[in-house]
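J.: This is the structure, below, for whatever I ask next.
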Amino acid sequence: MYRTFFSFGSKLVMSAILLIGLIGCASTTDRKEAAVSTAPATERYFIFDTIVSLRVYDERMTSQHFDEVRGLLEQIDQRMNRLLAGSEIDQVNQEAGASAVSVSEETFKVVQTAVDYAAASGGHFDPTIGPIVDLWGIDSEHADVPEDRKLTAAMQKIDYKNVTLDPSSHAIMLKKKGMSLDLGAIAKGYAADVIADYLQQQDFKSAIIDLGGNVLAMGAKPNGSPWNIGIQDPGEQRGQHLGTLEVVNKTIVTSGVYERFFESEGNVYHHILSPFTGYPVDNDLLSVTIVTETSMDADAMSTSVFSLGLAEGRRFIESRDDAEAIFVTKDHQIYLTSGLTETFNRTNDDYQLAE
Ligand code: ADP
Ligand code: MG
């Protein structure tokens, strides 16, 4: 099986399963509520090594609708998976340093958004991270700490400013040979938005879309009350949560050290890499969860803010009207941005709410 931006280690899959379980529990804790709720149409499958879980609370949802959703995911992968020979992103990468490649409108939009977040985060988020993702091989059988010499050489290829975008022809050009776009930090979010748009077009109003823990909660529960979404405990693989969040029509996306990693000689190396050091980002954070309207933005922001760290990350989120965040630090403090204080419930005594 080929690797893709959808690919995850088994630990993440476990946490995804348990998160889905939690949503199930949370929505049935109130028995009266559960009795009046319509049972959802559900589908859960592995696609490109990621667990996709869909729960649509509408009796009109059919297997044909589910098939159409799967088709949309396959199309996104065929366009945006850098490791799939012939995908649009693969073509752009193959032509690095040589020529521009015209891509579909959607691929262009995702790359443009990624480059915008790279600029907004001062380069902490960088979609040209591909060369060092390859060297670390996290999520592959050959995961290992790269030689410094190789890392230094690969880092010369990383710089979002060397991506040229032409909106009129949807052409993308990577200026240096050896550059490689990697949309792993944004494409799953985009995919969740595509599914939500599709369900909305079908006039479905209440659904939980979960792509490997990247959650989009559409509308409210069928009885009109908010969803309760479990927030992963970053210290635990087993899907234990540190709290729950009440939301209506929001996406909840987490980036954390626990999602994909490997261990070597007693050190743990995770999958969010610093374009400045070439090593996994090491700051005061264990995880950051973004709560906002569109999942593509949430996905890009979660990786950006994780890379920025607590102080800069908080400023980044507080400066925007459209997003909230939950930061979990290595000293087990939970920091909430101002819009979440009423809707977050801490459920785990191992963590304290910071003042
Ligand atoms: P997940 O995919 O586990 O949900 P993220 O959304 O944070 O987590 O994306 C991490 C992925 O993004 C990595 O596996 C890699 O493909 C890519 N990536 C790693 N570091 C960066 C970075 N600094 N900027 C942009 N993309 C990154
Ligand atoms: Mg992300």
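J.: Go through region 289-304 and give me each residue that's near ligand 2 (Cβ under 9 Å from one of its atoms) and among the hydrophobic types (A, V, I, L, M, F, W, C). Before the answer, list the steps.
T.: Of the residues in region 289-304, the ones near ligand 2 (Cβ under 9 Å from one of its atoms) are 290, 298-304.
Passing the criteria: Ile290, Ala298, Ala300, Met301.
J.: Ok, one more. Across region 252-270, what is the number of residues that are open to solvent by 20 Å² or more (accessible area, probe 1.4 Å), within 14 Å of ligand 2 (Cβ to nearest atom) and out of contact with any Asp or Glu (no Cβ under 7 Å at 6 or more places or on another chain)?
T.: Of the residues in region 252-270, the ones open to solvent by 20 Å² or more (accessible area, probe 1.4 Å) are 254, 257, 259-269.
Add one more test, that the residue is within 14 Å of ligand 2 (Cβ to nearest atom), and what stays is 254, 257, 259-260.
Applying the additional criterion that residues be out of contact with any Asp or Glu (no Cβ under 7 Å at 6 or more places or on another chain) yields 254, 257, 259.
Here the count works out to 3.
J.: Among the numbered criteria (1) surrounded by 14 or more Cβ atoms within 10 Å (Cβ to Cβ); (2) touching a Gly at 6+ places or on another chain (Cβ under 9 Å), which one does Val115 miss?
T.: So the condition that Val115 fails would be (2).
J.: Follow-up. Inside region 227-240, can you point out the residues that are more than 18 Å from the chain's Cα centre (by Cα) and at pLDDT below 95?
T.: Step one: of region 227-240, the residues more than 18 Å from the chain's Cα centre (by Cα) are 227-228, 235-236, 238, 240.
Correct list: Gly235, Glu236, Arg238, Gln240.
J.: Those residues that are open to solvent by 10 Å² or more (accessible area, probe 1.4 Å), away from ligand 2 (no atom under 16 Å from the Cβ) and part of a strand (DSSP E or B), I need them from region 205-246; list them, please.
T.: Asn228, His241, Thr244, Glu246
J.: Out of everything in region 247-286 that is within 20 Å of Val215 (Cβ to Cβ), in a loop (DSSP other than H, G, I, E, B) and β-branched (Val, Ile, Thr), what residue ends up being nearest to the chain's Cα centre (by Cα)? Please lay out each step first, then the result.
T.: Our first condition is that a residue be within 20 Å of Val215 (Cβ to Cβ); within region 247-286, this holds for 247-260, 271-272, 285-286.
Filter once more, so that each one left must be in a loop (DSSP other than H, G, I, E, B): 248-249, 257-260, 271-272.
Add one more test, that the residue is β-branched (Val, Ile, Thr), and what stays is 248, 257, 272.
Values: Val248: 19, Val257: 13, Ile272: 11 Å.
Restricting to residues being within 20 Å of Val215 (Cβ to Cβ), in a loop (DSSP other than H, G, I, E, B) and β-branched (Val, Ile, Thr), the top hit is Ile272.
J.: Of all residues in region 331-348, count the ones that are under 17 Å from Gln240 (Cα atoms) and out of contact with any His (no Cβ under 9 Å at 6 or more places or on another chain). So that I can check it myself, show each step before the final result.
T.: Our first condition is that a residue be under 17 Å from Gln240 (Cα atoms); within region 331-348, this holds for 332-334, 344-348.
Then drop every residue that is not out of contact with any His (no Cβ under 9 Å at 6 or more places or on another chain), which leaves 332-334, 344-346.
Going through region 331-348 one residue at a time, the tally reaches 6.
J.: Can you tell me which residues in region 165-197 are assigned to a helix (DSSP H, G or I), away from ligand 1 (no atom under 16 Å from the Cβ) and open to solvent by 20 Å² or more (accessible area, probe 1.4 Å)?
T.: Those that are assigned to a helix (DSSP H, G or I), away from ligand 1 (no atom under 16 Å from the Cβ) and open to solvent by 20 Å² or more (accessible area, probe 1.4 Å): Val194, Asp197.
J.: Considering only residues of region 202-253 that are within 16 Å of ligand 1 (Cβ to nearest atom) and touching a Lys or Arg at 6+ places or on another chain (Cβ under 6 Å), which is nearest to Ser295 (Cα to Cα)?
T.: Asn214
J.: Name the one entry in Leu286, Leu273 that is in contact with a Pro (Cβ under 7 Å, 6 or more places away or on another chain), within 14 Å of Ser121 (Cβ to Cβ) and open to solvent by 10 Å² or more (accessible area, probe 1.4 Å). Can you show your working first?
T.: On the way: Leu286 fails: within 14 Å of Ser121 (Cβ to Cβ).
Within the list Leu286, Leu273, the selection yields Leu273.
J.: Being of a type in the set (A, V, I, L, M) and touching a helix residue (DSSP H, G or I) at 6+ places or on another chain (Cβ under 6 Å) is the filter here, so list the residues in region 309-344 that pass it. First the steps, then the outcome.
T.: Step one: list which residues in region 309-344 are of a type in the set (A, V, I, L, M), which gives 310-311, 317, 323, 325-326, 328, 334, 336, 340.
Within region 309-344, Ala323, Ala325 meet the criteria.
J.: Thr42 fails exactly one of the following numbered conditions: (1) at pLDDT 95 or above; (2) farther than 18 Å from Gly212 by Cα; (3) open to solvent by 30 Å² or more (accessible area, probe 1.4 Å). What is the number of that condition?
T.: (2)
J.: Looking at region 78-107, which of its residues are open to solvent by 70 Å² or more (accessible area, probe 1.4 Å) and touching a strand residue (DSSP E or B) at 6+ places or on another chain (Cβ under 6 Å)?
T.: Gln91, Ser102
J.: Do we have any residue at all in region 90-113 that's among the acidic types (Asp, Glu) and within 15 Å of ligand 1 (Cβ to nearest atom)?
T.: Taking region 90-113 first, the residues among the acidic types (Asp, Glu) are 90, 95, 105-106.
From what is left, the residues that are within 15 Å of ligand 1 (Cβ to nearest atom) are 90.
Scanning region 90-113 turns up at least one residue that is among the acidic types (Asp, Glu) and within 15 Å of ligand 1 (Cβ to nearest atom).
J.: Could you list, in sequence order, all residues of region 47-77 that are crowded, with 19+ Cβ neighbours inside 10 Å and part of a strand (DSSP E or B)?
T.: Answer for region 47-77, where residues must be crowded, with 19+ Cβ neighbours inside 10 Å and part of a strand (DSSP E or B): Thr50, Ile51, Val52, Ser53, Leu54, Arg55, Val56.
J.: Among the residues of region 105-117, are any in the same structural domain as Ser168 (by TED's automatic domain parsing), farther than 28 Å from Val305 by Cβ and either among the acidic types (Asp, Glu) or within 16 Å of ligand 2 (Cβ to nearest atom) (or both)?
T.: Kept after step one, since they are in the same structural domain as Ser168 (by TED's automatic domain parsing), are these residues of region 105-117: 105-117.
Add one more test, that the residue is farther than 28 Å from Val305 by Cβ, and what stays is none.
No, because not a single residue in region 105-117 is in the same structural domain as Ser168 (by TED's automatic domain parsing), farther than 28 Å from Val305 by Cβ and either among the acidic types (Asp, Glu) or within 16 Å of ligand 2 (Cβ to nearest atom) (or both).
J.: Still on this structure, please answer the following. Give the residues of region 118-146 that are more than 11 Å from ligand 1 (Cβ to nearest atom), over 15 Å from Glu263 (Cα atoms) and open to solvent by less than 20 Å² (accessible area, probe 1.4 Å), sorted by residue number.
T.: Selection gives Pro131 alone.
J.: Tell me yes or no: at least one residue of region 152-160 is farther than 23 Å from Arg260 by Cβ, in contact with a helix residue (DSSP H, G or I) (Cβ under 7 Å, 6 or more places away or on another chain) and more than 13 Å from ligand 1 (Cβ to nearest atom).
T.: First pass over region 152-160, keeping only residues farther than 23 Å from Arg260 by Cβ: 152-153, 156, 159.
Next, from what is left, pick out any that are in contact with a helix residue (DSSP H, G or I) (Cβ under 7 Å, 6 or more places away or on another chain): none.
Looking through region 152-160, none of the residues is farther than 23 Å from Arg260 by Cβ, in contact with a helix residue (DSSP H, G or I) (Cβ under 7 Å, 6 or more places away or on another chain) and more than 13 Å from ligand 1 (Cβ to nearest atom).
J.: Okay, moving on. With Asp284, Asp297 as the choices, which residue is more than 11 Å from ligand 1 (Cβ to nearest atom), in contact with a Leu (Cβ under 8 Å, 6 or more places away or on another chain) and among the charged types (D, E, K, R)? I'd like the intermediate steps shown before the answer.
T.: Details: Asp297 fails: in contact with a Leu (Cβ under 8 Å, 6 or more places away or on another chain).
Of the residues listed, the single one that is more than 11 Å from ligand 1 (Cβ to nearest atom), in contact with a Leu (Cβ under 8 Å, 6 or more places away or on another chain) and among the charged types (D, E, K, R) is Asp284.
The values are calculated or read from the model by the stated rules, or taken from the named source; none is laboratory data. Bear in mind that the values here come from a model prediction, so they are computed numbers and not experimental data. Cβ coordinates were reconstructed from backbone atoms using ideal geometry, including for glycine residues, and neighbour counts include every protein chain displayed. Note: areas computed on protein heavy atoms with side chains; ligands, DNA, RNA excluded. Shrake-Rupley method; radii C 1.70, N 1.55, O 1.52, S 1.80 Å.
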